[in-house]
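Since the structure comes first, as structure tokens, the remarks are kept for the end.
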Amino acid sequence: MTPAKEALTLRYLDPEQVKVYRTEEGSLRATIADELTVLSPRFLRACPLNDPDRYISIRGPEPGGKEFGLLRNWRRLDRESRRLVEAELERRYLHPRVKRIVSLKDYSGLQLCVLDTDRGMREVTFRDVRDNVIYLGSSRVLITDAEGNRYDILDANALDPASRKLLAKIL
Amino acid sequence: MPRPQLPDSIKRLIADQFPGADARLAAQSDLAPDGSYGEQWLVLAGERVLVSSADGAAARVLVDVPLAEISEVEIESLVGGAALRAVVNGRKVDLVAFTNALGDRFGRVRMQLDAAVKGKPIPEPEEKLKHCETCGLVLGEDTRVCPRCSRRGATLRRLLGYARPYRGRLILTGALMLSGTAFGLLPPYLTKLLLDKVLAPRSPADKAFAAEHGLALLGWLVLALGVSSILSTALQVWRNRITGWLGGRVSFDIRATLYEKLQWLSMRYYDRHPAGAIISRLTQDSGGVQDLLAFGLPFLVTNLITIVGVSAMIFVTNWRLAALAIVPAVAISMLTRRLWEKMRSAFHAFWYRWGRYHSLVNDALNRVKVIKAFSQQPTELARYGVRNTDLMNASVYAEQTWGTIFPVLWLLIGSGSLLVWYFGGVMSMRGTLTVGDLMMFLGYLGMLYGPLNFLTNVVQWVSRALTAADRIFEVLDAEFESEETKGDVVPDRIKGEVEFRNVVFGYEKHRPVLKDISFRAEPGHMLGLVGKSGVGKTTVINLICRFYDADEGEVLVDGVDLRNLSLREYRSRLGAVLQEPFLFAGTVAENIAYGKPTASLEEIMAAAKLANAHDFIVNKPDGYDEQVGEHGNRLSAGEKQRVCIARAILHNPAILILDEATANVDLETEEQIQEAIARLVEGRTTFAIAHRLSTLRNADSLLVLEDGKVVEFGTHEDLEAKKGVYHGLLDLHRKTSTITAVEG
């Protein structure tokens, strides 16, 4: 494959050929097919919302850095690499999932809300909530609060009845 | 309107002066030779083109040109009209002038004469219906609805046609209405019994009965009153729930039909109707129709039933008194018929202003930036103020008219009960009418005046909703995209050979933009369209996309006339990257997959990679799930462009339209876009428009247009060597580029 042609196609990596590890000083490294080692690689999800577990892009550290390849399924990596990638993804994607809406108070246009998420309880303020909501599919809802944080309700229909009632008040 | 026939006097005139020449073609103009409204006739008699002045004794031949000397027949566009001209031995000879009303007609006459000049048989082109067949009224653009001939009844019937699938529920509603009304009729009768048998008995028998059983009877009668009110309320609730469902469902159906229609309306329709006006048909008008179906019609029917039932009851009780009560009511309903018209025009005006208001706001919000940049807020406010005032005046007028008419009507209708009190009272005092009968009578009258009052109210409901329905039906009746020739040839594969053969086309038929264009693009080749703005480059593209059909000549794809090719099939093999990158609110992935909704993520990513878009997309926080915002506003111009290119790559069209894709981006981005375009173009027949000639350096051939005609056609090298129009443009371009370079 000529170098020019290479830029035109995506490179999908075999999970067995990718090793992610930490050096003794603690910095992250990724070795790809024994041909190159990426210093401080970034792991980006191609589809963080609709398909978060597949298609992980391995990139250089600088913003907009070169893509070294895509992993179709990073869970097939060896144990240590998988642990490190998972930790990296957890660190990069702060993506709380709402389990329950504990309370909601409405102050004409502002809503003060206590959410129980997979990252713990949190008090949030929503403003112009109808303009800051994304519907994915028929029942998934992403809401951004007044300070730009986003909360994911994976399945609004699966919430408990009390939470559903509160959600219906603001949407 | 029937087409006028050549008058006998002119036939005789021709027979006298040119024996043996029979009229093969005749057309009447609506202007006299001096330009005033009048009449002239253009006649193709034998081998001569004649123009004769008005009918009558004074008729004479004004122009006489032998067909053989004419090389071309053309139309000169004037303001408010146009003139037909013949080129005779290189000289232009005016034949006849006409107003815009006859533009289409003479456009066809030009075609016919042209055919005669070329010795071909004279075609008889189909005339588009512009006038109502019944009354001759000029119809709206692209519609066959004649506002004079279409009757309210017909609109209503058509509207009810949408309820046909729900016949069962309709019948149930009718039954509920009847039974509900029947129960409603009981209370006044029970009141009468209460008065005459229990409370104020007159005859000795009644008095005796009341003394003995009065209390028990009272209990039973009150119980019956209670039960009948409860039953009547229950039936009413049941009925309301069903009609509510019916109204919602039927207007859902209408909206769905309307929206589907909008997808398939011709470009000509969209050229003529602003988006705001169309939006208000989908929102305001369909809402009006829903109101009518869910509330207006059921009320109308129940009230009519009540009126019939109540009238029967009171006429049976005492016909003289009934007549006294009914006469004023009938007079009022006659009056109502007059008011119907007044109200309708008031609300028509209101809805029209509402649509215009909507268009203005929509337009202004779309160019907020321009307004701010030119600090034109005061102008905008003034413009807005005018529209807003218009809207206010229309709404005030409509509401005030209604608000005045309504109470006065109520007063007049109620005046009947005064008559009943007086004459009924006299009868009762004379003993010809019991008190119970009088009270029952007044009870029924009360029930009658309500519905009668509503009948006057219903004028507003119905007229508003039927106007809305008319506007919706107007869209539904507008012609489908190129309906007359939908095309059914489904090719196995489109190779992408495109040929224009003597194509003539104008957005208005008598003002051709493309004048006899012929060229051929080989499959897989890139053809650049070059020329100053307004020469018809975009029009060529519009015809290739089949947004419009050629007026004359043919556009052929793989040798098949485009009009015969299945439109759906053809468009599925056509792709475009336009000057204004078009994205819709949704994710990046959805936007790329627009032309191929079944594409997998890997296909989408592969296309994005080829379009130099993969990297910037993955670096977005949400990657391919990133929301692009309305019109793609959350992406930069260069990003939008590349998303569009990725979309075209994934769509994999055989024929590709590129319209100046690299405007307003920086050099590096432009290079990336150029690179992406180069990959996209490969193997596809491509039509590219670019104002920067450098963009077209890769084109296999260039088509240079000037004033709607092809002036040069060849490769870049050929045309440069030729030192013609293209060379001139190139020179100009180089000069401006140098200036930019120096200044930059």
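FYI, it's all coordinate maths here, none of it is from the lab. What you see is a predicted model; the values in this text were computed from it and never measured. Neighbour counts run over all protein chains shown; Cβ positions are idealised from the backbone, glycine included.
Details
- Cα pair count fraction exceeding 25 Å, expressed as % - the range B:211-308: 50
- Principal-axis tilt of helix A:79-92 within chain A, Cα atoms, nearest 10 degrees: 50
- Spin-label pair B:Asp22-B:Leu381: with each label point 7 Å from Cα along the Cα-Cβ axis, the two points sit 7.4 nm from one another.
- Point-charge dipole on Cβ atoms (K/R +1, D/E -1) for the range B:467-576, about Cα centre, debye to 20: 600
- Placing +1 on the Cβ of every Lys and Arg and -1 on the Cβ of every Asp and Glu, with nothing else charged, gives the protein assembly as shown a dipole about its Cα centre of roughly 3580 debye.
- For the peptide A:47-53, the mean number of other protein chain Cβ atoms found within 10 angstrom of a residue's Cβ is 6.
- Between the listed residues B:Ala576, B:Leu160, B:Tyr259, the Cα displaced farthest toward the positive end of the dipole of chain B, a dipole computed from Cβ unit charges relative to the Cα centre, is found at B:Leu160.
- Value of D in µm² per second that Stokes-Einstein yields for the range A:8-92, Kirkwood Rh from Cα pairs, at 25 °C (0.890 mPa s): 191
- Karplus-based coupling profile of the range B:516-533, in residue order and whole Hz: 6, 9, 9, 6, 9, 10, 5, x, x, 8, 9, 10, x, 9, 10, x, 5, 6, with θ = phi - 60° in 6.51 cos²θ - 1.76 cosθ + 1.60 and x standing for Gly or Pro.
- Candidates B:Ser286, B:Ala322, B:Val237 compared by Cα position along the dipole of the range B:232-342: farthest toward the positive end lies B:Ala322, with charges placed on Cβ.
- Rg(Cα)/(2.2 N^0.38 Å) for the range B:244-284, N = residue count: 1.33
- Over chain A, the ratio between the Cα radius of gyration and 2.2 N^0.38 Å evaluates to 1.30.
- For the range A:98-170, the alpha-carbon radius of gyration amounts to 0.98 times the rule-of-thumb value 2.2 N^0.38 Å expected for a compact globular protein.
- For a label point 7 Å along the Cα-to-beta-carbon line of B:Tyr259, residues of the range A:128-171 with backbone N under 16 Å: A:137-138
- Helical segments meeting 24 Å axial Cα length and Kyte-Doolittle -1.0 threshold in chain B (DSSP H): B:167-193, B:204-264, B:297-317, B:319-366, B:377-430, B:435-477, B:725-743
- Average other protein chain Cβ within 10 Å of Cβ, residues A:134-147: 1
- The H on the amide N of A:Gly60, modeled in the peptide plane, is under 5 Å from the matching H of A:Arg42, A:Lys66, A:Phe68, each at least 5 residues off or on a different chain.
- Counting only Cβ charges, +1 for Lys and Arg and -1 for Asp and Glu, the dipole size of the range B:152-477 around its Cα centre is about 720 debye.
- The range B:152-477: proportion of alpha-carbon pairs further apart than 38 angstrom, %: 35
- Extension gain, B:Lys118 back to B:Leu156 (0.36 nm per residue minus Cα-Cα distance, nm): 8.4 nm
- Within chain B, percent of DSSP bridges classed antiparallel, to nearest 5: 75
- With the charge dipole of the protein assembly as shown set up from +1 on Lys and Arg Cβ and -1 on Asp and Glu Cβ about the Cα centre, the Cα lying farthest toward the positive end among the listed residues A:Tyr55, B:Ala211, B:Met526 is that of B:Ala211.
- Alpha carbon convex hull of the protein assembly as shown, projected area averaged over orientations, nm²: 58.9
- Sequence of B:Lys609, B:Lys722 once ranked by neighbouring C-beta atoms within 10 Å, starting from the fewest: B:Lys722, B:Lys609
- Its Kirkwood hydrodynamic radius, worked out from the mean inverse distance over all distinct Cα pairs, puts chain B at 32.8 Å.
- Long pairs among B:Lys515/B:Lys722; A:Lys19/A:Lys99; B:Lys11/B:Lys120; A:Lys99/B:Lys596; B:Lys92/B:Lys723; B:Lys495/B:Lys596, criterion Cα-Cα beyond 28 Å: A:Lys19/A:Lys99; A:Lys99/B:Lys596; B:Lys92/B:Lys723
- Amide H to amide H, with H built 1.01 Å from N, B:Leu95 comes under 5 Å of B:Leu84, B:Arg85, B:Ala86, counting only residues 5 or more places away or on other chains.
- Footprinting exposure proxy for A:Ile32, B:Ile645 (fewest neighbouring C-beta atoms within 10 Å first): A:Ile32, B:Ile645
- Averaging the sequence gap over all C-alpha pairs within less than 8 Å and six or more residues apart, then dividing by the number of residues, gives the range B:513-569 a relative contact order of 24 percent.
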